[in-house]
Amino acid sequence: MITTRITELLGVQYPILQGGMAWIADGKLAAAVSNGGGVGIISAMNADVDYVREQIAICRSLTDKPFGVNVMLMSPFAAEVAEVLAEEQVPIITTGAGSPNAYIPRWLEAGSIVIPVIASVAMAKKVARAGASAIIAEGGEAGGHIGEISTMALVPQVCDAVDIPVIAAGGIADGRQAAAAFLLGAEGLQLGTRFLVATECDIHQTYKDKVLKAKDIDTITTGKRLGHPVRALKSPFSRRLFQLEYDSTVTNEELEELGSGSLRRAAVDGDEQEGAFMAGQVAGMITKEQSAAEIIQEMFAEMETCLRGATKCLR
Ligand code: TUI
(Lines give C-alpha, C1' and ligand atoms only; values in the text may rest on other atoms or scores of the structure.)
Protein backbone atom coordinates (compact mmCIF):
# COMPACT_ATOMS: atom_id res chain seq x y z
CA MET A 1 0.00 0.00 0.00
CA ILE A 2 1.38 3.40 -0.91
CA THR A 3 -0.33 6.73 -0.42
CA THR A 4 1.04 9.98 -1.83
CA ARG A 5 -0.45 13.26 -3.06
CA ILE A 6 -0.60 11.59 -6.50
CA THR A 7 -2.77 8.64 -5.39
CA GLU A 8 -5.04 11.15 -3.62
CA LEU A 9 -5.18 13.63 -6.53
CA LEU A 10 -5.80 11.00 -9.20
CA GLY A 11 -7.95 8.64 -7.14
CA VAL A 12 -5.89 5.56 -8.02
CA GLN A 13 -4.47 2.61 -6.08
CA TYR A 14 -0.89 2.94 -7.37
CA PRO A 15 0.92 6.22 -8.16
CA ILE A 16 1.99 5.06 -11.61
CA LEU A 17 1.26 6.49 -15.05
CA GLN A 18 1.92 4.81 -18.38
CA GLY A 19 3.71 7.15 -20.77
CA GLY A 20 1.64 8.52 -23.66
CA MET A 21 3.77 6.97 -26.41
CA ALA A 22 2.95 7.95 -30.00
CA TRP A 23 1.77 5.07 -32.27
CA ILE A 24 1.81 2.82 -29.18
CA ALA A 25 -0.38 4.09 -26.35
CA ASP A 26 -3.96 3.56 -27.56
CA GLY A 27 -7.27 3.29 -25.73
CA LYS A 28 -6.84 -0.46 -25.19
CA LEU A 29 -3.43 -0.19 -23.50
CA ALA A 30 -4.56 2.80 -21.43
CA ALA A 31 -7.62 0.88 -20.18
CA ALA A 32 -5.45 -2.13 -19.21
CA VAL A 33 -3.15 0.09 -17.13
CA SER A 34 -6.07 1.87 -15.48
CA ASN A 35 -7.77 -1.46 -14.72
CA GLY A 36 -4.46 -2.55 -13.17
CA GLY A 37 -4.70 0.27 -10.64
CA GLY A 38 -2.46 2.85 -12.37
CA VAL A 39 -3.24 5.58 -14.89
CA GLY A 40 -3.36 4.60 -18.54
CA ILE A 41 -2.60 7.39 -20.99
CA ILE A 42 -3.73 7.57 -24.62
CA SER A 43 -1.31 9.32 -26.97
CA ALA A 44 -2.93 11.97 -29.17
CA MET A 45 0.40 12.02 -31.09
CA ASN A 46 0.09 13.74 -34.49
CA ALA A 47 -3.46 12.49 -34.96
CA ASP A 48 -6.61 14.46 -35.69
CA VAL A 49 -9.56 14.89 -33.34
CA ASP A 50 -11.53 11.97 -34.82
CA TYR A 51 -8.79 9.52 -33.86
CA VAL A 52 -8.53 11.01 -30.37
CA ARG A 53 -12.32 10.86 -29.79
CA GLU A 54 -12.34 7.24 -31.02
CA GLN A 55 -9.55 6.17 -28.63
CA ILE A 56 -11.23 7.93 -25.69
CA ALA A 57 -14.45 6.03 -26.50
CA ILE A 58 -12.55 2.71 -26.68
CA CYS A 59 -10.87 3.41 -23.35
CA ARG A 60 -14.17 4.38 -21.71
CA SER A 61 -15.80 1.19 -23.04
CA LEU A 62 -13.08 -0.93 -21.35
CA THR A 63 -12.67 0.81 -17.99
CA ASP A 64 -14.52 3.02 -15.53
CA LYS A 65 -11.26 3.98 -13.80
CA PRO A 66 -9.41 7.31 -14.24
CA PHE A 67 -7.39 7.56 -17.47
CA GLY A 68 -5.60 10.30 -19.35
CA VAL A 69 -4.66 11.66 -22.76
CA ASN A 70 -1.22 13.00 -23.69
CA VAL A 71 -1.05 15.99 -26.03
CA MET A 72 2.16 16.08 -28.07
CA LEU A 73 2.49 19.86 -28.37
CA MET A 74 4.50 19.71 -31.62
CA SER A 75 1.47 18.13 -33.33
CA PRO A 76 -0.21 20.27 -36.01
CA PHE A 77 -3.54 19.29 -34.37
CA ALA A 78 -2.52 20.21 -30.79
CA ALA A 79 -4.94 23.18 -30.46
CA GLU A 80 -7.95 21.27 -31.82
CA VAL A 81 -7.15 18.21 -29.71
CA ALA A 82 -6.78 20.45 -26.64
CA GLU A 83 -10.35 21.69 -27.12
CA VAL A 84 -11.74 18.17 -27.67
CA LEU A 85 -10.16 17.00 -24.41
CA ALA A 86 -11.97 19.78 -22.56
CA GLU A 87 -15.27 18.89 -24.29
CA GLU A 88 -14.79 15.21 -23.47
CA GLN A 89 -13.94 16.07 -19.86
CA VAL A 90 -10.93 13.77 -19.93
CA PRO A 91 -10.01 13.16 -16.27
CA ILE A 92 -6.24 13.57 -16.66
CA ILE A 93 -4.29 15.46 -19.33
CA THR A 94 -0.53 15.15 -19.75
CA THR A 95 1.51 17.12 -22.28
CA GLY A 96 4.93 16.72 -23.87
CA ALA A 97 7.42 18.33 -26.23
CA GLY A 98 6.59 21.97 -25.47
CA SER A 99 4.80 24.47 -23.26
CA PRO A 100 1.12 23.73 -22.51
CA ASN A 101 0.47 27.05 -20.72
CA ALA A 102 -1.96 28.41 -23.33
CA TYR A 103 -4.31 25.45 -22.74
CA ILE A 104 -4.08 25.03 -18.97
CA PRO A 105 -6.90 27.48 -17.95
CA ARG A 106 -9.40 25.82 -20.34
CA TRP A 107 -8.52 22.31 -19.12
CA LEU A 108 -8.80 23.26 -15.46
CA GLU A 109 -12.15 24.97 -16.13
CA ALA A 110 -13.35 21.69 -17.74
CA GLY A 111 -12.39 19.83 -14.55
CA SER A 112 -9.34 17.98 -15.86
CA ILE A 113 -6.20 17.32 -13.83
CA VAL A 114 -3.30 18.79 -15.80
CA ILE A 115 0.16 17.17 -15.59
CA PRO A 116 2.77 18.51 -18.02
CA VAL A 117 5.97 16.60 -18.77
CA ILE A 118 8.98 18.88 -18.33
CA ALA A 119 12.71 18.32 -18.65
CA SER A 120 14.12 21.35 -16.76
CA VAL A 121 13.60 23.35 -13.57
CA ALA A 122 12.77 26.52 -15.54
CA MET A 123 9.94 24.77 -17.39
CA ALA A 124 8.72 23.20 -14.13
CA LYS A 125 8.38 26.65 -12.52
CA LYS A 126 6.60 28.04 -15.60
CA VAL A 127 3.92 25.34 -15.72
CA ALA A 128 3.47 25.44 -11.93
CA ARG A 129 2.82 29.20 -12.14
CA ALA A 130 0.32 28.55 -14.96
CA GLY A 131 -1.70 26.28 -12.64
CA ALA A 132 -0.50 22.74 -13.41
CA SER A 133 -1.93 20.21 -10.92
CA ALA A 134 1.27 18.13 -10.79
CA ILE A 135 4.31 17.69 -12.95
CA ILE A 136 6.20 14.84 -14.62
CA ALA A 137 9.99 15.39 -14.44
CA GLU A 138 11.43 13.31 -17.27
CA GLY A 139 15.16 12.58 -17.35
CA GLY A 140 17.22 12.01 -20.46
CA GLU A 141 17.37 8.24 -19.88
CA ALA A 142 13.83 8.10 -21.27
CA GLY A 143 12.88 6.99 -24.76
CA GLY A 144 11.57 9.28 -27.47
CA HIS A 145 11.93 13.07 -27.35
CA ILE A 146 14.17 13.90 -24.37
CA GLY A 147 15.83 16.72 -22.46
CA GLU A 148 19.46 17.05 -21.36
CA ILE A 149 19.38 16.21 -17.66
CA SER A 150 19.32 12.74 -16.12
CA THR A 151 16.50 11.67 -13.78
CA MET A 152 18.87 11.41 -10.80
CA ALA A 153 19.85 15.09 -11.17
CA LEU A 154 16.51 16.47 -12.41
CA VAL A 155 13.98 15.04 -9.95
CA PRO A 156 15.39 16.49 -6.68
CA GLN A 157 16.00 19.88 -8.30
CA VAL A 158 12.41 20.00 -9.59
CA CYS A 159 11.09 18.84 -6.19
CA ASP A 160 12.95 21.74 -4.54
CA ALA A 161 11.66 24.25 -7.10
CA VAL A 162 7.89 23.62 -7.01
CA ASP A 163 5.23 22.85 -4.39
CA ILE A 164 3.02 20.68 -6.62
CA PRO A 165 3.61 16.89 -6.58
CA VAL A 166 6.35 15.57 -8.84
CA ILE A 167 6.16 12.33 -10.84
CA ALA A 168 9.52 10.88 -11.91
CA ALA A 169 10.04 9.52 -15.43
CA GLY A 170 13.00 8.23 -17.42
CA GLY A 171 15.14 5.30 -16.32
CA ILE A 172 12.49 3.55 -14.24
CA ALA A 173 11.66 -0.09 -15.00
CA ASP A 174 11.77 -1.96 -11.70
CA GLY A 175 11.10 -1.59 -7.98
CA ARG A 176 14.67 -0.53 -7.14
CA GLN A 177 14.44 2.44 -9.49
CA ALA A 178 10.93 3.19 -8.23
CA ALA A 179 12.24 3.24 -4.64
CA ALA A 180 15.08 5.55 -5.68
CA ALA A 181 12.62 7.93 -7.36
CA PHE A 182 10.53 8.16 -4.18
CA LEU A 183 13.68 8.80 -2.12
CA LEU A 184 14.53 11.67 -4.49
CA GLY A 185 11.22 13.28 -3.55
CA ALA A 186 8.93 12.05 -6.30
CA GLU A 187 5.36 11.07 -5.33
CA GLY A 188 4.63 9.11 -8.48
CA LEU A 189 6.21 7.34 -11.43
CA GLN A 190 5.72 7.35 -15.17
CA LEU A 191 6.94 4.34 -17.17
CA GLY A 192 7.04 4.03 -20.93
CA THR A 193 9.56 1.40 -22.02
CA ARG A 194 8.39 -1.32 -19.62
CA PHE A 195 4.81 -1.01 -20.89
CA LEU A 196 6.04 -1.56 -24.49
CA VAL A 197 6.11 -5.28 -23.68
CA ALA A 198 2.75 -5.39 -21.89
CA THR A 199 0.57 -8.14 -23.35
CA GLU A 200 -2.14 -5.52 -23.97
CA CYS A 201 0.28 -3.35 -25.98
CA ASP A 202 -0.48 -4.00 -29.66
CA ILE A 203 2.80 -2.88 -31.25
CA HIS A 204 4.52 -5.12 -33.81
CA GLN A 205 6.18 -8.19 -32.22
CA THR A 206 9.51 -7.15 -33.79
CA TYR A 207 9.46 -3.99 -31.59
CA LYS A 208 8.81 -6.07 -28.47
CA ASP A 209 11.55 -8.55 -29.41
CA LYS A 210 14.05 -5.72 -29.91
CA VAL A 211 13.27 -4.37 -26.42
CA LEU A 212 13.50 -7.86 -24.88
CA LYS A 213 16.88 -8.48 -26.56
CA ALA A 214 18.37 -5.03 -25.92
CA LYS A 215 21.48 -4.50 -23.77
CA ASP A 216 22.30 -1.44 -21.66
CA ILE A 217 24.23 0.32 -24.44
CA ASP A 218 21.76 -0.44 -27.23
CA THR A 219 20.06 2.99 -27.43
CA ILE A 220 21.24 5.97 -29.49
CA THR A 221 20.23 9.65 -29.51
CA THR A 222 19.54 11.34 -32.83
CA GLY A 223 18.01 14.74 -33.61
CA LYS A 224 20.39 16.82 -31.48
CA ARG A 225 21.29 18.99 -34.49
CA LEU A 226 17.57 19.73 -35.02
CA GLY A 227 17.08 20.77 -31.39
CA HIS A 228 14.86 17.81 -30.51
CA PRO A 229 16.92 14.84 -29.40
CA VAL A 230 15.20 11.46 -29.68
CA ARG A 231 16.36 8.23 -28.00
CA ALA A 232 15.69 4.95 -29.82
CA LEU A 233 17.13 1.46 -30.00
CA LYS A 234 20.06 1.16 -32.38
CA SER A 235 18.83 0.12 -35.84
CA PRO A 236 20.18 0.56 -39.36
CA PHE A 237 17.91 3.65 -39.65
CA SER A 238 18.95 5.29 -36.38
CA ARG A 239 22.67 4.67 -37.00
CA ARG A 240 22.37 6.19 -40.49
CA LEU A 241 20.47 9.23 -39.14
CA PHE A 242 23.14 9.67 -36.46
CA GLN A 243 25.91 9.69 -39.13
CA LEU A 244 24.02 12.09 -41.41
CA GLU A 245 23.76 14.67 -38.62
CA TYR A 246 27.54 15.10 -38.91
CA ASP A 247 27.30 15.57 -42.68
CA SER A 248 27.20 19.30 -43.48
CA THR A 249 25.95 18.62 -47.04
CA VAL A 250 22.68 17.25 -45.56
CA THR A 251 20.17 20.02 -44.72
CA ASN A 252 18.01 20.14 -41.58
CA GLU A 253 14.94 19.82 -43.81
CA GLU A 254 16.33 16.60 -45.26
CA LEU A 255 16.98 15.26 -41.74
CA GLU A 256 13.41 16.14 -40.66
CA GLU A 257 12.07 14.40 -43.76
CA LEU A 258 14.09 11.26 -43.01
CA GLY A 259 12.72 11.11 -39.46
CA SER A 260 9.09 11.54 -40.41
CA GLY A 261 7.10 8.32 -40.30
CA SER A 262 9.95 6.35 -38.72
CA LEU A 263 8.15 5.60 -35.45
CA ARG A 264 5.11 4.37 -37.37
CA ARG A 265 7.39 2.09 -39.41
CA ALA A 266 8.68 0.60 -36.14
CA ALA A 267 5.44 0.26 -34.17
CA VAL A 268 3.02 -0.67 -36.95
CA ASP A 269 5.19 -2.30 -39.63
CA GLY A 270 7.99 -3.71 -37.45
CA ASP A 271 10.42 -2.46 -40.11
CA GLU A 272 13.85 -3.45 -38.71
CA GLN A 273 15.71 -1.50 -41.41
CA GLU A 274 13.83 1.81 -41.54
CA GLY A 275 12.01 2.01 -38.19
CA ALA A 276 12.78 4.23 -35.17
CA PHE A 277 12.22 1.88 -32.22
CA MET A 278 11.99 4.53 -29.50
CA ALA A 279 12.91 3.17 -26.06
CA GLY A 280 14.69 4.27 -22.91
CA GLN A 281 18.03 3.18 -21.46
CA VAL A 282 16.20 0.68 -19.23
CA ALA A 283 15.40 -1.50 -22.28
CA GLY A 284 18.42 -3.65 -21.28
CA MET A 285 16.70 -4.76 -18.07
CA ILE A 286 13.35 -5.70 -19.59
CA THR A 287 13.28 -9.44 -20.20
CA LYS A 288 9.68 -10.64 -20.18
CA GLU A 289 6.22 -9.87 -21.49
CA GLN A 290 3.61 -9.46 -18.75
CA SER A 291 0.14 -8.00 -18.42
CA ALA A 292 -0.05 -4.33 -17.41
CA ALA A 293 -1.54 -5.35 -14.05
CA GLU A 294 1.33 -7.77 -13.39
CA ILE A 295 3.90 -5.11 -14.25
CA ILE A 296 2.32 -2.69 -11.76
CA GLN A 297 1.97 -5.24 -8.95
CA GLU A 298 5.53 -6.53 -9.40
CA MET A 299 6.98 -2.99 -9.45
CA PHE A 300 5.33 -1.96 -6.19
CA ALA A 301 6.02 -5.26 -4.40
CA GLU A 302 9.72 -4.91 -5.30
CA MET A 303 9.68 -1.26 -4.30
CA GLU A 304 8.22 -2.06 -0.90
CA THR A 305 10.87 -4.73 -0.23
CA CYS A 306 13.54 -2.30 -1.31
CA LEU A 307 12.31 0.58 0.85
CA ARG A 308 11.86 -1.67 3.91
CA GLY A 309 15.45 -2.90 3.47
CA ALA A 310 16.82 0.57 2.80
CA THR A 311 18.17 1.11 6.30
CA LYS A 312 20.18 -2.13 6.42
CA CYS A 313 23.52 -0.40 5.95
CA LEU A 314 22.85 2.08 8.79
CA ARG A 315 23.89 1.35 12.37
O1 TUI B 1 7.29 14.15 -25.57
C2 TUI B 1 7.95 13.27 -25.09
N3 TUI B 1 8.39 12.21 -25.82
C4 TUI B 1 8.15 12.03 -27.15
S5 TUI B 1 7.23 13.02 -28.15
C6 TUI B 1 7.56 12.05 -29.46
S7 TUI B 1 6.96 12.40 -31.05
C8 TUI B 1 8.32 13.20 -31.69
N9 TUI B 1 8.97 12.55 -32.62
C10 TUI B 1 10.05 13.12 -33.19
C11 TUI B 1 10.49 14.37 -32.79
C12 TUI B 1 9.85 15.01 -31.79
C13 TUI B 1 8.73 14.42 -31.22
C14 TUI B 1 8.34 11.01 -29.09
N15 TUI B 1 8.64 11.02 -27.81
N16 TUI B 1 8.31 13.28 -23.80
C17 TUI B 1 7.96 14.36 -22.94
C18 TUI B 1 8.98 15.42 -23.00
N19 TUI B 1 8.68 16.68 -23.07
N20 TUI B 1 10.30 15.24 -22.99
C21 TUI B 1 10.86 16.49 -23.04
C22 TUI B 1 9.81 17.39 -23.10
C23 TUI B 1 9.83 18.81 -23.14
C24 TUI B 1 10.76 19.49 -23.90
C25 TUI B 1 10.73 20.89 -23.97
C26 TUI B 1 8.86 19.52 -22.46
C27 TUI B 1 8.82 20.90 -22.52
C28 TUI B 1 9.75 21.56 -23.26
O29 TUI B 1 9.66 22.91 -23.29
C30 TUI B 1 10.42 23.61 -24.23
C31 TUI B 1 9.90 25.02 -24.26
O32 TUI B 1 10.58 25.86 -23.66
O33 TUI B 1 8.81 25.22 -24.81
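Counting only Cβ charges, +1 for Lys and Arg and -1 for Asp and Glu, the dipole size of the chain around its Cα centre is about 980 debye. Across the range 77-85, computed HN-Hα scalar couplings (Karplus, 6.51 cos²θ - 1.76 cosθ + 1.60, θ = phi - 60°) run 9, 3, 5, 5, 4, 4, 5, 4, 5 Hz from first to last residue, x flagging Gly and Pro. Considering only V117, T193, P165, and ranking their Cα positions along the charge dipole of the chain that arises from unit charges at the beta-carbon of Lys, Arg, Asp and Glu, the one farthest toward the positive end is P165. Treating each Cα of the chain as an identical point scatterer and summing with the Debye formula, the log10 of I(q)/I(0) at q = 0.07 Å⁻¹ comes to -0.24. Shown for the range 227-300: the carbon plus sulfur share of the solvent-accessible area, taken with all protein chains present and a 1.4 angstrom probe, equals 48%.
Residue ranges 57-67, 136-146 sort as 136-146, 57-67 when ordered by packing (mean number of other C-beta atoms within 10 Å per residue, highest first). The aspartates and glutamates whose alpha-carbon is closer than 19 Å to the alpha-carbon of K213, local same-chain residues fewer than 8 away aside, are E141, D174, D202, D269, D271, E272, E274, E289.
Shape analysis of the range 155-250 places it in the oblate category; the axes a ≥ b ≥ c from the Cα gyration tensor give an a/c of at least 1.5, with a/b not above b/c. H204 exposes around 60 Å² of accessible area when a 1.4 Å probe is run over every protein chain in place. Charges were assigned to the Cβ only: +1 to each Lys and Arg, -1 to each Asp and Glu. The resulting dipole of the range 163-287 about its Cα centre is roughly 420 debye.
Per residue, the range 1-71 exposes 37 Å² of accessible surface when a 1.4 Å probe is rolled over the protein heavy atoms with every protein chain present.
Heavy atoms of the protein chains alone define the surface here; on that basis the range 242-315 has 61 Å² accessible area per residue at 1.4 Å probe size. Of the cross-linked pairs K65/K208; K208/K234; K65/K234; K28/K288; K28/K208, those separated by over 25 Å at the C-alpha level are K65/K208; K65/K234.
Take the solvent-accessible surface of the protein heavy atoms, probe 1.4 Å, and return the percent of it on the range 55-181 that carbon and sulfur atoms account for. Using a 1.4 Å probe with all protein chains present, the range 55-181 comes out at 54 percent carbon and sulfur. Secondary structure note: in the chain, about 20% of the DSSP beta bridges are antiparallel. Expressed as a fraction of 2.2 N^0.38 Å, the C-alpha radius of gyration for the range 207-308 is 1.30. Ranking D160, D269 from most to least accessible surface, computed with a 1.4 Å probe over the protein chains only, gives D160, D269. Averaging the sequence gap over all C-alpha pairs within less than 8 Å and six or more residues apart, then dividing by the number of residues, gives the chain a relative contact order of 16 percent.
The values are calculated or read from the model by the stated rules, or taken from the named source; none is laboratory data. Remember, predicted model here, so these are calculated numbers, not experimental data. We place every Cβ from the backbone using ideal geometry, glycine too, and count neighbours over all the protein chains shown. All accessible areas refer to the heavy atoms of the entire protein, side chains included, with ligands and DNA or RNA removed. Shrake-Rupley method; radii C 1.70, N 1.55, O 1.52, S 1.80 Å.
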